[in-house]
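**Student:** Questions regarding the structure given below will be posed in turn.
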Amino acid sequence: MVIIYITAVGIIGGLIGWITNKIAVKLLFRPIHPVKIPITGWTIHGLIPKRKKDLARTIGEKIEQDFISMEDILEEVLAERERVKLMDHMKFRLGKIIASRTPSFLPIRVFDRIQLYVNDLIDQEGEEMLFDVIENISKDSTERHHIAKLVEERINRFPIYKLESIIKDVASRELKHIEALGGIIGFLIGVFQGFLLFIIL
């Protein structure tokens, strides 16, 4: 009889703990818009929708400070493999332009010489030209655009229901664990309370 009583109290405590944590998880995202409770004057608003702007700003700042900055992106663009790709692309594009604008009556070897001259020019001067262009872009970009601001703007523009879906996809297992943990802790507390009440009574 005692074991049944203590177990019953534990199960009730477990259900209360599980339901409480389930509601707490739901309140992270819902309600999306503030809801006023009559008489009490209280307003219920999901934590993430309510603090979306603050979260967006904080995430943007942390990404720029600890993960990647505009300078990091520009360094990646200036990496040797990327420069080679850009120069090869320039040769390809200019080759197509020369081919389309070279008069058809000119001998093919004239076209080939023009193409070789352009390719040599790109090999000799192209890298310096790229550095000049990217340096000018980088100065303008770092002055007017920061990664933190870009991330903040993107998150703020992102619909809250999509943000909720992403977070749930990434952390669904952990959120379920939080709910289950509420049930386990509630059950243990219930068992302890039942045992104490049995001793007192």
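**Student:** Between residue 45 and residue 189, what is the FRET efficiency for a Förster distance of 30 Å, r being their Cβ-Cβ separation, to the nearest 0.05?
**Tutor:** 0.55
**Student:** Tabulate in residue order the Karplus-calculated ³J(HN,Hα) for segment 170-175, using 6.51 cos²θ - 1.76 cosθ + 1.60 with θ = phi - 60°, rounded to whole Hz; enter x for Gly and Pro.
**Tutor:** Whole-Hz 3J(HN,Hα) from phi for segment 170-175: 6, 10, 4, 4, 5, 5.
**Student:** Still on this structure: So if we plug the beta-carbon distance of residue 73 and residue 120 into 1/(1 + (r/R0)^6) with R0 = 45 Å, what FRET efficiency do we get, rounded to 0.05?
**Tutor:** Efficiency for this residue pair is about 0.90.
**Student:** Residue 92 versus residue 158, label points 7 Å from Cα toward the beta carbon: distance in nm?
**Tutor:** Each label point is offset 7 Å from its Cα along the Cβ direction, giving 3.3 nm.
**Student:** Anything over 31 Å Cα to Cα? Flag those among 36/149; 36/176; 50/176; 22/62; 96/149; 36/168, in the order listed.
**Tutor:** 36/149; 96/149
**Student:** Mind checking the full-extension length gain between residue 166 and residue 85? Use 0.36 nm per residue of separation minus the Cα-Cα distance, one decimal, nm.
**Tutor:** The span from residue 166 to residue 85 would gain 25.7 nm if fully extended.
**Student:** Which whole-Hz ³J(HN,Hα) couplings does segment 49-63 yield from phi under the Karplus relation 6.51 cos²θ - 1.76 cosθ + 1.60, θ = phi - 60°, glycine and proline marked x?
**Tutor:** Here the 3J(HN,Hα) series is x, 5, 9, 4, 5, 5, 4, 4, 5, 5, 4, x, 5, 5, 4 Hz.
Every read-out reported here was derived from the displayed coordinates using simple, explicitly stated rules and does not represent laboratory data. The shown structure was predicted, so the numbers you read here are calculated from the model rather than taken from an experiment. Here Cβ is always computed from backbone atoms with ideal geometry, including for glycine, and neighbour counts include all displayed protein chains.
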